Structure formats: structure tokens, C-alpha cells
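The values are calculated or read from the model by the stated rules, or taken from the named source; none is laboratory data. Every value quoted in this text rests on a predicted model; they were computed, and no experiment measured them. No Cβ is skipped: glycine too gets one built from the backbone with ideal geometry, and neighbour counts run over all protein chains shown.
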Amino acid sequence: MKASEYILLSTFLLFSGGTPSARRSLPETQASPGAQKEAAPNFKRIDPRIEQIVAAVSEENLSSILKKLESFKTRHTLSRTDSEAEGIGAARQWIFSTLKSYSPKLQVNFDTYQVKADGRRVFRDVELRNVVAVLPGARQPERQILISGHYDSLSVADGPPDAPNQDVDAVYAPGVTDDGSGTAAVMEAARILSSYQFDKTLVFVAFAGEEQGLIGSTLLARKARAQGRLIEAVLNNDIIGSDVAGNGYRENMAVRLFSDGPEDSPSRSLARFIHDIGSRYVPAMSVKRVFRADRFGRGGDHTPFAQEGFAAVRFTSTAENYAHQHSSTDTFEHTSPPYVARVVRVNLACLAALASAPAPPRVDDPKGPMISRGKSGYDALLRWAQGSEDDLAGYAVVVRDSTDPFWKQEIWVGQVTEFLMSDVSIDLFTFGVKAVDREGHESLVSAYVIPSRPRARVETKQLASQRDHLNFLVGSRLVGAGGMNRFPSKVGVSVLSPAPN
């Protein structure tokens, strides 16, 4: 199909059936000269390299990692660091050494902080170490894609987590599902992906201090923002090992994906991308998008990154067993390596796709979003900045109704930086654009978002006649409309309070 035919068919399918008065129909489309001469790349194809990466996930290797993490008995953030076999010190050193053994291309380091006691969960000063492995990108090394999990564990069976002077080394906290499963995902991803070269930089992070209030992730996210790092996506994995809930519910072919709003936030764009790529490469695994930051009353290491403005999501089992979480029974026996492997495959497909794709187009400038009603005042004119990639094939515009959560149509527009849709109201639909390279790798969608309107600042002054009238009411009581009583508190000022029932 020619690009011009693709555009006309796509727009007809999207907008047909609407009434002209609602401006839902799309009688014609226009783009910059040459836009319709370029054939659309096959950006829904299966990339053999990504397919190979997904197939390399090993249940046996994941099981070995989970058992090893369990063997440390506890990985509490404040547990011992003077043993080679037990406690968080031994655990982090083993994670570090194992990551380093995967490939000489991996740059492994400790991301270290001195954390002060807070009188609650951190009941003494402690040195906290995130374990970080970096696989530098070849073409866009400044753009980073993160996969994370937390390696610290917690058991509250013998007392509350914030008990002062708690002997955490004496409390068995295996933490295999929470969150040995997420740590295993990070390590398996590093093992497989370090054998390849990608355009963007991949970062593998095992956080500490999650159970004490997202400490390790908060510190790293804050540092990343202060240093101006270009973190394109954070895929956090926390509790991805259980497929049987405490009420007997079983689900081993689906995973929840949490993303914070608003509807076109960077995190929501990432969640939509993960759903599409996951269903393409791991069709047997359903990615259930949940449009909220996390489960009620719970938190995860993706949140600090989202709070700093980065795209960040959380993978979590659909069948959580709350009885095992934060307890001595969170063991390998109650964890499903086959389920962990399926979630890891979805992660790997998305990591490889993102790391191979062009950068998301920039769709705003200092004046705001680069969208307008065109010269007529009744069209949709989209503009974006030209990407710098030498293998860039062009761009695709995506559209959905303003009330739809997911994109409904894609329109290939080619190697242009603007696209006009005649007689289409920009107020009825939500628009976005994504970049596509010659091999069909798609970027995240950049949506055109209405910026928050500044709060109006209005100053008033009181006329003499109004001031005299208020002075007259001092000490009196006036019942006004709506059943509200006015009680003057001082000359010239009145206070509202509800009338008695």
C-alpha cells in the first residue's frame, strides 16, 4: 500500500461515521511536500534480534538467583555487613560480583550514601548501597533505559518494622518474591542484554532501602534529576514471583503494570508502549495496565523517578499473597520461577525495543505545545522537532478520542516535521507523534498536552461607600443568601460561617 493510500484509509477508519457539525470527519489530509512519497516502514514486524533476546530467558538461572538470595537469611537494610554468607553486606557483594562476571562491557559500581537515622524505620545511621550496572549505548549513550528491583528484604513477624534497636539479624527475612524476584529480573536482564550492543544506554539497578521508605531509589532519582540525566524509561519490578493469591486465586499468564497520571504523562506513554511491545513478543502474557501510581496504601521504587518527571512504571503480580509478604514464609517454595520468567521476557522485549529506537520527538517549545488550528482556525496542525538520528525513517501520528485511554489510529506521515488534518478539531481528540527508524523500531509517543493554566492573580480595592456600609454592620448579625451568617471580625472585613441547623 502506498503511503498516500495508507493515510487516507487510516483517517477514514478513524473519523468515519461522525457528523460534520462535530468535525469528526476527515475529508482530506495535507502534509509537508514529499511526505506521502515515502513508504511506511514495517514497524509492527517482529525483530529477530529481540525475539532471540526474549527466548534466552532461563528459568534455571532465575531459580539459581532466587535460591542464592534466600540463602543470605536476611537482606534487611540495617543487617550485618561483616559476613560473607549472611546479611545485606554479603548479598550486595554477591550481586556486584555476579553482574561483573556477565560481561566486560558492563560497568558495575556501588551507588553509595550515608543515611542518617530517622527515628523510625532507619533506627541508626547506615551506609546504603544500590548496586548499578551500566551497558553504554553506541549512538545515543546519553539516553538511559533503567530496569530495577530492590534487593533488601523485611520480615515483621517478630515485631513492627520500625521497632527501635531491633535485632534485624535475628529475624529470618528471605524475601524471595518481595523482592528477590525483581532483583533476579534485573540480573537476568543484565546477563542476556550485555551480550548485545544497543543505541541507548541500559542501566540495571538493584535498590536498597525500599522497605524503609524507597530510600535508595529516592536518592538515585534525585541525583539523576540534579545531574540532568536523560532517563527515558524506568521499568521497576517488585513482587513478580507469586501466581497464587492468599484467597486461592491463580493467575500465571498476566502481570499488572502500574503507571501514574495524568492521562498523557510520560509514565502513561511508557505503559502503552510496554503493552504493545509485550503483546507482540510475548503474546501469551497479558499486560494489564492499571492507571494509578501503585496499589492502595503501597509504594515502589518507580515512584521517586515519576515524581522527578521521568517515565516510570511498576510490574507486579496479579495474584499477590499478602500472608507471605514481609514474613519468614516468603521463600522459594512459595515463588514461581516460570511466572518470573514470563514477566522477565516482557521486560526484555521492551528494554531491547526502547534501547534500539529513536528518541521521542519534541512536541513543545518555550511557547507551549506545537499544535494549532492552522490558518483556517478549524484544522489540526501538528508540528515537532526534527530528530538527529541518521537511520530515522520518519514519523507516525497517533490519534484517539479525548475520552479514550489508548491510541486508536496511527498515520504514517514520513520524513516531515508537520502534519495537517483539515476540518479536525484539536479540542475533540488527543494527538501524539512517534519516531520510527528504518528497521521499524518505534520511539515512545510524545503527546500534545495542554499545559496547566496559571492561577489568576486579581487585586481588588474597597470603595468608600462599601467600607462605610461594613462599618455600620460591626457587632450586628446578618443572615445572607444560602443560609450563611456573616460575623464581622473587624472593621471592613467579614467572615463566613454556617448557619445553625
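Note on the range 101-114: residues that are over 17 Å from His150 (Cα atoms) and in contact with a Leu (Cβ under 7 Å, 6 or more places away or on another chain) total 2. Cβ-Cβ distances below 6 Å connect the following pairs, each with a first residue in the range 287-314 that is in a loop (DSSP other than H, G, I, E, B), a second residue that is modelled with pLDDT under 95 and not aliphatic (A, V, I, L, M), and a separation of six or more residues or different chains: Gly300/Asp294.
The rows are residues; the columns are (1) part of a loop (DSSP other than H, G, I, E, B); (2) farther than 21 Å from Pro266 by Cβ; (3) modelled with pLDDT under 65.
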{"position": "Thr430", "(1), (2), (3)": "no, no, no"}
{"position": "Arg457", "(1), (2), (3)": "yes, yes, no"}
{"position": "Ser465", "(1), (2), (3)": "no, yes, no"}
{"position": "His469", "(1), (2), (3)": "no, yes, no"}
{"position": "Ser497", "(1), (2), (3)": "no, yes, yes"}
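Filter the range 253-278 down to the residues that are surrounded by fewer than 19 Cβ atoms within 10 Å (Cβ to Cβ) and either more than 23 Å from Thr403 (Cβ to Cβ) or outside the structural domain of Ala349 (by TED's automatic domain parsing) (or both) and list them by number. The answer is Met253, Ala254.
Condition check ((1) closer than 28 Å to Pro360 by Cβ; (2) outside any strand (DSSP E or B); (3) modelled with pLDDT under 95; (4) in contact with a Phe, Trp or Tyr (Cβ under 8 Å, 6 or more places away or on another chain)) across all residues:
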{"position": "Glu127", "(1), (2), (3), (4)": "no, no, no, yes"}
{"position": "Asn130", "(1), (2), (3), (4)": "yes, no, no, yes"}
{"position": "Ser153", "(1), (2), (3), (4)": "no, yes, no, no"}
{"position": "Thr177", "(1), (2), (3), (4)": "no, yes, no, no"}
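Evaluate the range 201-208: report whether one residue or more is in the same structural domain as Glu60 (by TED's automatic domain parsing), aliphatic (A, V, I, L, M) and surrounded by fewer than 19 Cβ atoms within 10 Å (Cβ to Cβ). Checked against the condition, which is being in the same structural domain as Glu60 (by TED's automatic domain parsing), aliphatic (A, V, I, L, M) and surrounded by fewer than 19 Cβ atoms within 10 Å (Cβ to Cβ), the range 201-208 yields no hits at all.
Mind checking whether some residue in the range 192-208 is assigned to a strand (DSSP E or B), of a type in the set (S, T, N, Q) and under 19 Å from the mean Cα position of the chain (by Cα)? There is at least one residue in the range 192-208 that is assigned to a strand (DSSP E or B), of a type in the set (S, T, N, Q) and under 19 Å from the mean Cα position of the chain (by Cα).
For (1) within 30 Å of Thr77 (Cβ to Cβ); (2) modelled with pLDDT under 95; (3) among the basic types (Lys, Arg), each residue gets a yes or a no:
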{"position": "Phe332", "(1), (2), (3)": "yes, no, no"}
{"position": "Asn347", "(1), (2), (3)": "yes, no, no"}
{"position": "Ala359", "(1), (2), (3)": "no, no, no"}
{"position": "Ala380", "(1), (2), (3)": "no, no, no"}
{"position": "Asp390", "(1), (2), (3)": "no, yes, no"}
{"position": "Ala396", "(1), (2), (3)": "no, no, no"}
{"position": "Gly414", "(1), (2), (3)": "no, no, no"}
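Residues in the range 233-251 that are surrounded by fewer than 24 Cβ atoms within 10 Å (Cβ to Cβ) and not in a loop (DSSP other than H, G, I, E, B): 2 in all. Taken together, the residues in the range 93-125 that are in a loop (DSSP other than H, G, I, E, B) and surrounded by 15 or more Cβ atoms within 10 Å (Cβ to Cβ) amount to 5.
Take the conditions in the same structural domain as Leu106 (by TED's automatic domain parsing), farther than 12 Å from Gly300 by Cβ and either touching a residue at least 12 places away in the same chain (Cβ under 8 Å) or touching a strand residue (DSSP E or B) at 6+ places or on another chain (Cβ under 8 Å) (or both) and apply them to Glu211. Does it pass? Considered against the rule, which asks whether it is in the same structural domain as Leu106 (by TED's automatic domain parsing), farther than 12 Å from Gly300 by Cβ and either touching a residue at least 12 places away in the same chain (Cβ under 8 Å) or touching a strand residue (DSSP E or B) at 6+ places or on another chain (Cβ under 8 Å) (or both), Glu211 comes out as no. In the range 382-410, the residues that are at positive phi and of a type outside the set (A, V, I, L, M) form Cβ pairs under 7 Å with partners that are surrounded by fewer than 19 Cβ atoms within 10 Å (Cβ to Cβ) and not in a strand (DSSP E or B), at six or more places apart or across chains, as follows: Gly394/Glu38; Gly394/Gln415.
Scanning the range 432-455 for residues that are modelled with pLDDT under 95 and either within 22 Å of Ser376 (Cβ to Cβ) or aromatic (Phe, Trp, Tyr) (or both) gives a single hit, Ile450.
Every residue, every condition in (1) modelled with pLDDT of 50 or more; (2) polar (S, T, N, Q); (3) within 34 Å of the chain's Cα centre (by Cα); (4) crowded, with 16+ Cβ neighbours inside 10 Å, yes or no:
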| site | (1), (2), (3), (4) |
| --- | --- |
| Leu14 | no, no, yes, yes |
| Arg24 | yes, no, yes, yes |
| Arg45 | yes, no, yes, no |
| Val57 | yes, no, yes, yes |
| Asn61 | yes, yes, yes, yes |
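Exactly one residue out of Gly137, Gly119, Gly180 is touching a Pro at 6+ places or on another chain (Cβ under 9 Å), over 21 Å from Thr303 (Cα atoms) and either not charged (D, E, K, R) or not assigned by TED's automatic domain parsing to the domain that holds Arg75 (or both): that is Gly119. Please verify whether Gly137 is closer than 29 Å to Lys200 by Cβ and either assigned to a loop (DSSP other than H, G, I, E, B) or in contact with a Cys (Cβ under 6 Å, 6 or more places away or on another chain) (or both), treating the condition exactly as stated. Yes.
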